[in-house]
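These notes concern the structure reproduced below.
The values are calculated or read from the model by the stated rules, or taken from the named source; none is laboratory data. Just so you know, these numbers come straight off a predicted model, no measurement behind them. Cβ coordinates were reconstructed from backbone atoms using ideal geometry, including for glycine residues, and neighbour counts include every protein chain displayed.
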Amino acid sequence: MRRQMGLLSVVGFFGLLASANAQTLSASTAGPSFDGTYQAVSSAKINQMYIAQKGNMGVCPDRVPGPLTIVQGQARYTDASGDEVDGTVGPQGELTMRAEEPGGAREMDLDVRGSIAANGTVRARQEGNSCSYDFVWQKDGQLTPSTAGHSLSIVSSPASRRAG
């Protein structure tokens, strides 16, 4: 009986390993369908203000990201401050990116999460230490009815329009 239980445990363990391995797909399995360059078509601030160093309030500036480039499941863009944001694209178009710059006058930490639609539209939220943004990119050569003939739009809240 003990031998059967031991054998059953070993078989179960290897079964779990095989199952976990089958479910863990690398970013490179995202395939070439997502490969390409995507241009920013929309940028919207999530928050208008943030608490700066020494407790002072700061205004979140309008930001426009650089082009998003995806090659073999690896994604990259340059943010408006010139920092490289890197990450991966999953097999279903899930986008996960990050940028860190420890130390300095102000530590920088960005997390970006989003998704890529079949029509070549990327929607992502960039969350930072102070300000957060929603970005939309469109794959070069794939215009949608909402992006055809339009330039980049920067969305501001009514409060920021009154302040300007």
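Does segment 120-134 hold any residues that are within 12 Å of residue 38 (Cβ to Cβ) and of a type outside the set (Gly, Ala, Ser), and which are they? If the condition is that a residue be within 12 Å of residue 38 (Cβ to Cβ) and of a type outside the set (Gly, Ala, Ser), then 121, 122, 123 are the ones that fit. Reported count of residues in segment 65-94, each being within 13 Å of the chain's Cα centre (by Cα), assigned to a loop (DSSP other than H, G, I, E, B) and closer than 16 Å to residue 109 by Cα, is 2. Scan segment 71-96 and report the pairs whose first residue is among the charged types (D, E, K, R) and whose second residue is part of a loop (DSSP other than H, G, I, E, B), with Cβ atoms within less than 6 Å and a gap of 6+ or a chain change. Qualifying pairs under 6 Å: 79/65. Taking segment 41-64 as the range and being of a type in the set (D, E, K, R), over 14 Å from residue 135 (Cβ atoms) and either assigned to a loop (DSSP other than H, G, I, E, B) or touching a Lys or Arg at 6+ places or on another chain (Cβ under 9 Å) (or both) as the test, no residue passes. All of (1) small (Gly, Ala, Ser); (2) over 18 Å from the mean Cα position of the chain (by Cα); (3) at pLDDT 95 or above hold for residue 15 with one exception: (3).
Scanning segment 102-136 for residues that are in contact with a Ser or Thr (Cβ under 9 Å, 6 or more places away or on another chain), at pLDDT below 95 and either part of a strand (DSSP E or B) or among the hydrophobic types (A, V, I, L, M, F, W, C) (or both) yields 108, 118.
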